[in-house]
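Scroll down for the structure; my scribbles are underneath it.
The values are calculated or read from the model by the stated rules, or taken from the named source; none is laboratory data. The structure displayed is predicted, hence computed values, not measured ones. Note that we place each Cβ from the backbone using ideal geometry, even for glycine, and neighbour counts take in every protein chain shown. Accessible surface areas use protein heavy atoms only, side chains included; no ligands, DNA or RNA. Shrake-Rupley method; radii C 1.70, N 1.55, O 1.52, S 1.80 Å.
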Amino acid sequence: GKANFFPARMADRDGRDAKVVLGNGMALQASRMCRLPGNEGGSFAAGFDAQVMIRPERIVLSQPGQDTLPCVVRRAQFLGTFVRYSVASPHAQSEVIVDAPNFVAGIDEGSDAGLTLPPGDTTLFFGG
């Protein structure tokens, strides 16, 4: 399936979960973790030592806010049972796909928006 990736820095980790900091300084508690084997951990973006993965249907798209990652909506497509948004964020590894159950009020193509990554829906990949 589709997945979105966000570069992150490890702030604290114990055996069960980890606290990471995303590119805009927003802290996130990740409850699922996956250690990458061998040299795969060397593929992180410069200045980062981990990445957060989240599925398109788990991201929440909203108006920009203090506790969101900033983004710009590039495309909104109604696909029958959901609306697929393609957004650009300086804090994502590539284009972000958001699958919402309905159109988000006040969010159109070209709009500034915010992304929320619910911690229970994220997986943290790290090296070492």
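Summary of values
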| quantity | calculated |
| --- | --- |
| Options VAL72, VAL104, VAL87; residue that is assigned to a strand (DSSP E or B), open to solvent by 30 Å² or more (accessible area, probe 1.4 Å) and at pLDDT 95 or above | VAL72 |
| Number of the exception - ALA105 against (1) in contact with a Pro (Cβ under 6 Å, 6 or more places away or on another chain); (2) without any contact (Cβ under 8 Å) to a residue 12 or more places away in the chain | (1) |
| Number of the exception - PHE126 against (1) open to solvent by 20 Å² or more (accessible area, probe 1.4 Å); (2) within 19 Å of GLN29 (Cα to Cα) | (1) |
| Failed criterion for GLY120 (all others in (1) out of contact with any Gly (no Cβ under 6 Å at 6 or more places or on another chain); (2) in a strand (DSSP E or B); (3) open to solvent by less than 50 Å² (accessible area, probe 1.4 Å); (4) in contact (Cβ under 8 Å) with a residue 24 or more places away in the chain hold) | (2) |
| Yes/no for GLY114 being out of contact with any strand residue (DSSP E or B) (no Cβ under 6 Å at 6 or more places or on another chain) and either open to solvent by 20 Å² or more (accessible area, probe 1.4 Å) or in a strand (DSSP E or B) (or both) | no |
| Residue match in the range 34-52 (condition: among the β-branched types (Val, Ile, Thr) and either over 14 Å from THR123 (Cβ atoms) or loosely packed, with under 15 Cβ neighbours inside 10 Å (or both)) | no |
| Count - residues of the range 90-101 that are touching a residue at least 40 places away in the same chain (Cβ under 8 Å) and either among the hydroxyl-bearing types (Ser, Thr, Tyr) or open to solvent by 80 Å² or more (accessible area, probe 1.4 Å) (or both) | 3 |
